[in-house]
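Working notes for the structure below.
The values are calculated or read from the model by the stated rules, or taken from the named source; none is laboratory data. Just so you know, these numbers come straight off a predicted model, no measurement behind them. Positions of Cβ are backbone-derived with ideal geometry, glycine not excepted, and every protein chain shown enters the neighbour counts. Surface accessibility is based on the protein's heavy atoms, side chains included, excluding ligands, DNA and RNA. Shrake-Rupley method; radii C 1.70, N 1.55, O 1.52, S 1.80 Å.
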Amino acid sequence: MALVKIKQGFTSWHVGVAAEAVAAAQFARLGLDVSVQYGADQPEYDLIVSKGNLMMKVSVKGSKDGSWGLTQNFCKKANYHEAADKWFVKHGSKTIFCFVQFKDAPIDQLPRIYLATPDEVVKRLKETAKGRGDTILYEDHTYTLKRAYGFGTTDRIPDEWKFTDELVTDLMNRVA
C-alpha cells in the first residue's frame, strides 16, 4: 500500500470546511451557542453565535495563502474603493467576519483567527497599497516590486482583530 501525502489534498473546499469547524469550535470554547447554517455557499453568514439574548451572524473566510479575496466580483476598472463600498452594502449590521489563516500553521496548533465588522474590513481594504485600495485582504504583505503601487509598504491585519474573548464580547455587544 502506497503512502499518500495528505496535506497535498488541502483544496479550497477543505480550507472552507476546516475554517468553519475551527471558528465554530473557538466560539463554543467561549461558552457561546453555535448554530451552523445548512448547505454550502449560503448567503451572508455561515454560523450564528449567541449567548442569552445576544446574537450575531458570522461569515467565515478561510485561507491557506495569507490573503482573502473579498471584493473582486464588485471591481470595475480597478476602482477598488467603489468595489469595497458595493461589497459593504451586501452585509448586514449583525454580521461579523471571521478570517481563518492556515498558511504556515502547524497541524498541531490552531490557525490564526481574526474578527472584524464589515465597516472595519472596508476601511482596511481602502487603506491597502498606500490608499489605492485592493480587492484582497492581506494578513501580512510587503510590496517588494518596484513597479507595485504600494512599493515599500506593508499591509497587515490590525492586532486588534485577533480572536480573543474580549473581542468576541465587544462584538456581541456592538451588534446586538
Tensor-based shape of the chain (alpha-carbon gyration tensor, a/c under 1.5 rounded, otherwise prolate or oblate): oblate
For Lys130, counting only aspartates and glutamates whose alpha-carbon sits under 15 Å away and dropping same-chain residues fewer than eight positions off, the answer is Asp140, Asp155
How high is the relative contact order of the stretch 1-117, in percent, with contacts defined as C-alpha pairs under 8 Å that are six or more residues apart? 22
Förster radius 35 Å - calculated FRET efficiency between Ser50 and Leu145 (Cβ-Cβ, nearest 0.05): 0.15
Estimated FRET transfer efficiency (Ala28, Glu160; beta-carbon r; R0 30 Å; 0.05): 0.85
Quick check for you: with a 1.4 Å probe and neighbouring chains kept, what is the accessible area per residue of the chain, in Å²? 60
Taking Lys90 as the anchor, which aspartates and glutamates have their alpha carbon closer than 17 Å to its alpha carbon, excluding any fewer than eight residues away along the same chain? Asp41, Glu44, Asp46, Glu82, Asp119, Glu120
Rounded if a/c is under 1.5, else prolate if a/b beats b/c, else oblate: with a ≥ b ≥ c from the C-alpha gyration tensor eigenvalues square-rooted, which is the stretch 45-122? oblate
From the Cα gyration tensor of the stretch 92-175, with a ≥ b ≥ c the square roots of its eigenvalues, which class applies: rounded if a/c is under 1.5, or else prolate if a/b is larger than b/c, or else oblate? oblate
Under the helix-only model (-39500 (n - 2.57) for each DSSP H run of 4 or more, divided by the residues of the chain), the mean residue ellipticity at 222 nm, to 500 deg cm²/dmol, is -8500 deg cm²/dmol
Span-like helices, the chain: DSSP H, alpha-carbon axial extent 15 Å or more, mean Kyte-Doolittle 0.0 or greater, which ones? 12-29
Considering only Cα-Cα distances, which of the following residue pairs are longer than 31 Å: Lys51/Lys76; Lys57/Lys146; Lys103/Lys123; Lys126/Lys146? Lys51/Lys76; Lys57/Lys146
Given a 1.4 Å probe and every protein chain left where it sits, what share in percent of the accessible area of the chain is carbon and sulfur? 53
Most mobile of Asp108, Asp65, Asp155 in a GNM of the chain (Cα contacts under 10 Å): Asp108
